[in-house]
Structure formats: C-alpha cells, structure tokens
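Enquirer: Here it is, the structure in full.
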Amino acid sequence: MNINIKTKEEQDKMRVAGRLAADVLDMIEDFVKPGVSTNKLDEICHKFIVKEQGATPAPLNYRGFPKSICTSVNHVVCHGIPSEKILKSGDFLNIDITVVKDGYHGDTSRMFFVGKPNIKAKRLSDVTYESMWLGIEQLACGKYLGDVGNAIQCFAEKNRFSVVREYCGHGIGKFFHEDPQVLHYGKAGTGPKLESGMVLTVEPMINAGKKDVKILPDGWTVVTKDHDLSAQWEHTVLIKKDGYEVLTLGRDQR
Ligand code: MF3
Ligand code: CO
Ligand code: CO
C-alpha cells in the first residue's frame with residue numbers, strides 16, 4: 001500500500017476540486033423533480049462542469065463508463081448509468097459527482113428525494129448520512145483506518161440495516177481511486193495509521209435489507225440482490241494535524 005501524502009499546494013488544488021464537485025450537487029437539486037429523466041440530469045451536470053466550471057467530469061469514459069455522473073435510483077446501490085428512465089414521486093436516488101480540476105479530483109454524492117419522500121427511504125437515507133459523519137469523525141492523526149469502518153458498521157447495524165462489502169471509499173488526488181481502500185465495516189484499531197495530508201473519501205452504501213449485491217449485464221449497475229432499497233452519501237476529506245477538513249461541503253453545510 002502506498003498512501004499519498006498531499007503537499008500544501010496539492011491540498012489547495014483539492015480544495016478547489018472538492019468545492020466544484022459540491023457546487024454541482026447544489027446546482028442539480030432544483031432539477032430533481034417528477035418527470036425528469038436521469039439522462040437530462042446527466043446532460044445538465046455535464047454542461048455545468050465543462051462550460052461553467054472549466055472542469056472535467058471524471059466518470060465519462062472512466063474504464064468505459066458511458067456518462068458524466070452516476071444516478072442510482074431506489075434499489076440501485078451505486079454506479080447507476082443515466083438513461084431515459086423517468087423519475088417519479090416517491091423515488092429516491094444518489095447522484096455521484098466527480099470532477100477533475102487542474103489535475104486533481106473531488107468526489108461527492110448525496111441522496112435526493114423525488115416529489116414526496118417515502119418514509120422508509122427517508123429513514124434509510126438519514127441513517128446512511130449519520131453513519132458517513134460518524135466515519136468522518138474518526139479521521140484524525142494517530143487513529144486507524146479500521147476505526148472509520150467500525151463506526152459506520154456499528155451505527156448501521158444498530159439501526160437494523162446492512163453495510164455493502166464489495167465497494168468502498170478510497171484515497172483520491174491526481175487519480176480518481178488511490179490507496180488505501182476505505183472499508184465501511186471492520187475492526188477498530190486495525191489497518192494503516194492515519195496521517196496528516198492524506199485525502200480519503202468516506203462513502204458508505206447501506207441497504208434496507210440484506211447486504212448482498214449483484215452487477216447487472218450492463219457491467220456497471222450495482223443492485224441489491226433482494227431488490228430492497230439502498231442509500232449512499234459521500235464526502236472527500238483531508239486529514240490534518242488537528243483533525244479533518246471536509247473538502248466537499250455543500251452550500252448549506254459551510
Ligand atoms: N464516484 C464513484 C466513487 O465514489 C466512482 C464512480 S466510477 C464510474 O468512487 F465509473 F462509475 F463513474
Ligand atoms: Co468515491
Ligand atoms: Co463518488
């Protein structure tokens with residue numbers, strides 16, 4: 001494992017990339033309404049990233065991914081491909097944005113409700129959000145990577161939900177996915193020791209039912225095997241001497 005420590009200059013570039021990724025999510029919120037297609041959301045985000053931000057959407061052509069954003073609706077866990085699918089009231093979806101600016105990546109996702117929120121979906125999203133923050137709060141010098149996964153797993157399971165094992169958070173910087181893998185489950189006090197200058201994503205995928213997932217024949221879309229709901233939230237976070245700095249806070253979180 002080779003965990004990159006970012007220099008001051010790199011940290012500044014990652015602050016910019018993180019801010020831009022969060023700005024895309026702030027921008028798209030108003031467009032998530034019954035009747036809109038996920039392709040339309042992709043098109044709006046693509047134009048905004050390229051034309052307004054002068055940045056690049058990292059997913060486009062990444063290992064053959066065909067679109068600029070991921071849209072994961074209801075029982076889709078992650079890596080949902082935007083399509084002609086029309087969103088309807090009661091759906092919820094994760095929109096995952098990764099931008100590259102000046103050679104550095106910013107990666108963040110949120111859950112959005114279409115029309116009237118479904119009560120069960122709202123509770124799953126809330127528990128997932130809280131679990132992400134409990135994980136982020138473990139990011140401090142001298143703590144261990146396993147502390148992050150442990151905090152997330154304990155909280156999700158206490159709420160009778162399950163943690164997806166096959167996908168994880170990651171180091172991020174010049175590359176979309178760098179070492180280490182940030183597991184959303186595990187044992188406190190295990191794994192690499194956290195150091196100032198590391199930049200990691202925390203992005204738990206939490207299922208309402210069983211933890212098992214499968215990939216659809218398109219080679220990307222990950223769904224729950226039991227077709228029950230799944231939620232995910234993601235931030236990119238810099239570890240500092242005296243704690244952490246979240247680089248992808250939204251307008252209302254700053
Ligand atoms: N943004 C996702 C992550 O959080 C990765 C998406 S890969 C893609 O790591 F190819 F599907 F875009
Ligand atoms: Co990520
Ligand atoms: Co992401």
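Enquirer: Is the C-alpha gyration tensor of the chain telling us rounded, prolate or oblate? Criteria: a/c under 1.5 is rounded; beyond that, a/b larger than b/c is prolate, otherwise oblate.
Expert: In terms of gyration-tensor shape, oblate.
Enquirer: With an 8 Å cut-off on Cα pairs and a minimum separation of 6 or more residues, tell me the relative contact order of the chain in percent.
Expert: For the chain, the relative contact order is 24 percent.
Enquirer: Separate question: When the helix-only estimate is applied to the chain (DSSP H runs of n ≥ 4, each -39,500 (n - 2.57), divided by the residue count), what is the mean residue ellipticity at 222 nm, nearest 500 deg cm²/dmol?
Expert: Helix-only estimate at 222 nm: -8000 deg cm²/dmol.
Enquirer: Which order do the peptides 189-197, 155-163 take when ranked by the mean count of other beta-carbon atoms within 10 Å per residue, highest first?
Expert: 155-163, 189-197
Enquirer: Next up: Which whole-number percent is the relative contact order of the stretch 183-245 (Cα, under 8 Å, 6+ apart)?
Expert: 39
Enquirer: Roughly how many percent of the accessible protein surface of the chain is carbon and sulfur, given a 1.4 Å probe and a whole-percent answer?
Expert: 52
Enquirer: Please give the residues of the stretch 86-100, grouped as numeric ranges, whose backbone N is less than 18 Å from a label point set 7 Å along the Cα-to-Cβ vector of residue 218.
Expert: The answer is 86-88, 91-98.
Enquirer: Report the full-extension gain for the segment residue 119 to residue 7: residue separation times 0.36 nm, less the Cα-Cα distance, to one decimal in nm.
Expert: Extra length available between residue 119 and residue 7 comes to 35.9 nm.
Enquirer: Filter the cross-link list 67/88; 33/120; 47/67 down to pairs whose alpha-carbon distance in this structure exceeds 23 Å.
Expert: Violating the 23 Å Cα-Cα cut-off are zero pairs.
Enquirer: Which order, highest average first, do 216-222, 171-177, 97-103 follow once you tally other Cβ atoms within 10 Å for each residue and take the mean per peptide?
Expert: Taking the mean over residues of other Cβ atoms within 10 Å, the ranking is 97-103, 171-177, 216-222.
The values are calculated or read from the model by the stated rules, or taken from the named source; none is laboratory data. Keep in mind it's a predicted model, so treat the numbers as computed, not measured. Neighbour counts are summed over all protein chains in view; Cβ atoms, including those assigned to glycine, are modelled from backbone coordinates with ideal geometry. Keep in mind that these areas ignore ligands, DNA and RNA; they rest on the heavy atoms of the full protein, side chains included. Shrake-Rupley method; radii C 1.70, N 1.55, O 1.52, S 1.80 Å.
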